[in-house]
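What follows is a single structure, written as structure tokens, with notes after it.
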Amino acid sequence: MPQDNVTLLIENIGQLITMDGPVPRIGPELSQLGLIDNGAVAISDRQVVAAGDADAVMQSITLDDDAIVVDADGAVVTPGFIDPHTHPVFAMTREKEFEMRIQGKSYMEIAKAGGGIRASVRDLRTTPREIITEKSRQRLDRILMFGVTTIEAKSGYGLSTESEIMTLEIIRDLNKSHPLDLVPTFLGAHEIPDEFQGRTDDYIDLVNNDMLPIVVRERLAEFSDIFTEDGVFDIEQSRRVQQAAREAGLALKFHADELTSLGGADLAAEMGAVSADHLVYISDAGIDAMARAGTVAVLLPGTTFALGHSQYAPARKMIEAGVAVSLSTDCNPGSSYTESLPLIISLAALQLKMTAAESISAVTVNAACAINRGGQLGQIIPGRQADITIWDIADYRELPYHYGINPARLVIKNGRVVVNNRLSGIVQ
Ligand code: NIG
Ligand code: FE
């Protein structure tokens, strides 16, 4: 059947990575890219209508009179990447803490002394909404320019009813005005704010009884997340927060086993969480529980790197145990200040021992599952939203190998070219 109304055609693709195949990818499936040499992709309006071998695609389509034809010039083409764990709404940066850490202070020491997340909270509460919005928008621009087309975005630097709701409203408004799609997460339980120090249970009452009903009533979040960590929220407190969130209709995520082996992964699996993230100190029992529950593991090697730690999440063990593994930047002003998912793929290669193919699965189909979009995003097959990145490389294995640069050339969101990195650059 010829496909009429093709509005955008990508031709001359050296390696077309469709990600056709199992969702999520588990174990050896992570290496399946649905790779087609010499491919083409046809898009009608916002949707992929044909993708595959170039000759077959060309025979099956009719171009619109004013269709745009993009010559990929032998490049690699993938689904737009998905970043399933970001904290993009904040005002000030925390470079002084970064310097304190390289001089020997730990993340937790700084947090306990009133820095860390609480410092970002004090700052966000006193910064005008427009300024926070503008700074966040610039971060989204940078994320998009790195070939990412959808992110999960958390609140968590407000920690009062007013400031948490404002943060989620900023995420909602940016989702409307920015090409990136944002999937919102309520992270009221990110820390215990200054005014509730020593009264964690009272703060949980505020999160559950005051913030959560508004978040749900105003449809401001799909997920509820929590920082389950020694010195922040313990297992029982985390259960209390997440039980209320689940009953109110939110899906669950956890910051789990990041700095200590507290058992957050086990709790996430027990509660049927969609994902558990970080998992540097996950136990063997936690790995088994996540594999059985189908909870996605979102690994954040950029955080380990930027905290200057040497122990990384046991990715290979999780992959062998059948856990669906994903990757993310954790973009935030404290533990991992980067918008670059390609850099995370380099760290995943060197520190998690994940191949380029495994990492591409992790930031496409598996990242989609981590944000409850499995089978909707992360593939270039007919019927899918046309979110596509053309990379400045001829072999996908270059992605982790050429590190510290931006390998994205062209980003297509919903069938429209939204980034052309070739246009920016050196002035002659
Ligand atoms: O994922 N662990 C808690 N939250 C963030 C850090 C946030 C911050 O330091 O501002 C994380 O690492
Ligand atoms: Fe985080």
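Once each part is reduced to its C-alpha centroid, what is the distance from the stretch 281-331 to the stretch 151-182 in angstrom? A separation of 26 Å, based on Cα centres. Magnitude of the charge dipole for the stretch 81-370, about its Cα centre and with charges confined to Cβ atoms of Lys, Arg (+1) and Asp, Glu (-1), is about 560 debye.
Backbone phi angles across the stretch 134-146, fed through the Karplus curve with coefficients 6.51, -1.76 and 1.60 (θ = phi - 60°), yield HN-Hα couplings of 5, 5, 5, 4, 5, 5, 4, 4, 5, 4, 4, 5, 8 Hz in residue order; Gly and Pro are listed as x.
Only protein heavy atoms count here; under a 1.4 Å probe, residue 112 has an accessible surface of about 140 Å².
Using only Cα atoms, tell me the angle between helix 341-352 and the longest principal axis of the chain; keep it within 0 to 90° and round to the nearest 10. Helix 341-352 sits roughly 70 degrees off the main axis of the chain. In this structure, the amide hydrogen of residue 228, modeled 1.01 Å from its nitrogen in the peptide plane, lies closer than 5 angstrom to those of 255, counting only residues at least 5 positions away or on a different chain.
Would you work out what percent of the accessible area of the chain, with all protein chains in place, is carbon or sulfur (probe 1.4 Å)?
Whole-percent figure for carbon plus sulfur exposure: 49.
In the chain, the calculated helix contribution to ellipticity at 222 nm averages -9500 deg cm²/dmol per residue, counting -39,500 (n - 2.57) for every DSSP H run with n ≥ 4. Taking the chain as a Gaussian network of alpha-carbon nodes connected by springs under 10 Å, the highest mean-square fluctuation of the residues 47, 237, 138 belongs to 138. Once you reduce the stretch 202-240 and the stretch 1-64 to the center of their Cα atoms, the two points are 41 Å from each other. For the stretch 161-297, the solvent-accessible area of protein heavy atoms averages 36 Å² per residue (probe radius 1.4 Å; ligands and nucleic acids excluded). Taking the chain as the reference, fit the longest principal axis to its C-alpha atoms, fit the long axis of helix 284-293 to the helix C-alpha atoms, and give the angle between the two in degrees, 0 to 90, nearest 10. Taking the Cα atoms of the chain, the angle to 284-293 is about 60 degrees.
Beyond 28 Å between alpha-carbons counts as too far, so tell me which of 253/413; 96/154; 135/317; 96/135; 253/317 fall in that bin. Distance filter (> 28 Å) returns 135/317.
The values are calculated or read from the model by the stated rules, or taken from the named source; none is laboratory data. Model, not experiment: these values are computed from the prediction. Reconstructed Cβ throughout: ideal geometry from the backbone, glycine too, with neighbour counts over all protein chains shown. Accessible surface is based on the protein model in full, side chains and every heavy atom, while ligands, DNA and RNA are left aside. Shrake-Rupley method; radii C 1.70, N 1.55, O 1.52, S 1.80 Å.
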